Amino acid sequence: IADRLTQLSELRPRLWPYDTPRLHAISAPVIQRPYHGHVRIDLAGRDGIFTAGGAVHPDDLTAWAPVRRGAATIARVEVRLPARVAAARTASLWLLMGALGVLLAAGLFLLPVGTVRRGDRNNAGLYGALQAANATLEERVLARTAELEARKQQLEELGGRLVAAQEEERARISRDLHDDLGQVLTGLRLQLTAAQTALSPESNAGALLQAALQSVDDGVEQVRTLAHTLRPAALDGLGVASAVRDHAERWAERAGLTLHLDLALHDEPPPDVASVIFRVAQEALTNVARHAHARAVHITLGPQDDGWQLTIDDDGRGLPDQPGRGLGLVGARERVEQAGGYLDLERSPQGGARLLAWLPPAP
């Protein structure tokens, strides 16, 4: 109201206090509903040049503002509002603010709660999917493990059958060499001996026949050695201790090494176990001759932990740079493991290498 009176005084500097209709129009928003207020305008030195509105009560809310023209105050405006109207408006304002506060609080509460609930639902869905995927993965792992175990068992059975077939084939070839080729060579020697007897001492053919007889003797010895290497007769007839002893003595004689034997078997192992023991000893002695540069070998064979243990020690240069890389030792280890035992290669107390193989009582 003071601002509007200031504008009116600028338009009509001297007559504005007497422009009652315009003063009523300026005061109308306070005088009429919903305020029912009271407006009074005072000039400098003159009070109450204009009054409008309801009656004045002591408990009215009152306020005033100056009317200025430039830097000078030319009038003042007083506005009085009934206390009940102000209280009603204040109550309405409080109700509105309270409603807005409730809505804001509800929004601030429900929005995070809804977000959390949506997150929980999403997490529950993801967790369910993860559990289903985990169950599927476990089923696949179990199935794959069972399949691999079945294949491993099949390979072990196949390996056992191959070893058995190999031993049978070795035995058959050994018998064929000993029985067939050996008999042929023996018969040939007898014939050459008879021919040498029939010749006269002056004949030059005697020297040729003697050379032929020596060649036949060498062939017979080679056939015997080959037959023994493939499948020694002592292994089937006298047992694994005799077979190992016979083979080791032949080997030591050829290699020029000192041999110490300690073969204390009270019970003969099953044929499959005996064959594995002999093949491991055969391969170990071959490796000693090739790589160890040893002077003496000690072979021990006897019962151990309800099974049989074979130990071969040498005084050579020790363990190889990469133990277990030779195909012979790999094959020997596979034979022992297929029979249910184990094979270790370690340093020998004699300074060289020690091969230790243990086999259970039954494959």
Round to the nearest 0.05 the FRET efficiency obtained for R33 and V113 when R0 = 30 Å and r is the Cβ-Cβ distance.
-> 0.10
Could you give the nm distance between label points at R317 and D19, where each point is 7 Å from its Cα heading toward the beta carbon?
-> 12.7 nm
Net charge contributed by nearby residues that have their C-beta within less than 13 Å of Y342 (K/R +1, D/E -1) | -3
Packing-ranked peptide list from 329-337, 278-286, 66-74, highest mean Cβ count within 10 angstrom first, is 278-286, 329-337, 66-74
Please list, in chain and number order, the residues 5+ apart from R354 or on another chain whose amide H is under 5 Å from its amide H, with Hs placed from the backbone.
-> E346, R347, S348
Label point 7 Å beyond Cα of L93 along Cβ direction - residues of segment 1-35 with amide nitrogen under 17 Å | 1, 30, 34-35
Using packing as a proxy for protection, rank 107-118, 77-88 so that the peptide with the highest average count of other Cβ atoms within 10 Å comes first.
-> 77-88, 107-118
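Based on the alpha-carbon gyration tensor of segment 239-363, what equivalent-ellipsoid semi-axes (square roots of 5 times the eigenvalues) come out, in whole Å, largest first?
Numbers: eigenvalues 93, 55, 30 Å².
Calculated on Cα positions only, the semi-axes equal 22, 17, 12 Å.
FYI, it's all coordinate maths here, none of it is from the lab. Note that the coordinates shown come from a computational prediction; the quantities given were computed from them, not determined experimentally. Neighbour counts run over all protein chains shown; Cβ positions are idealised from the backbone, glycine included.
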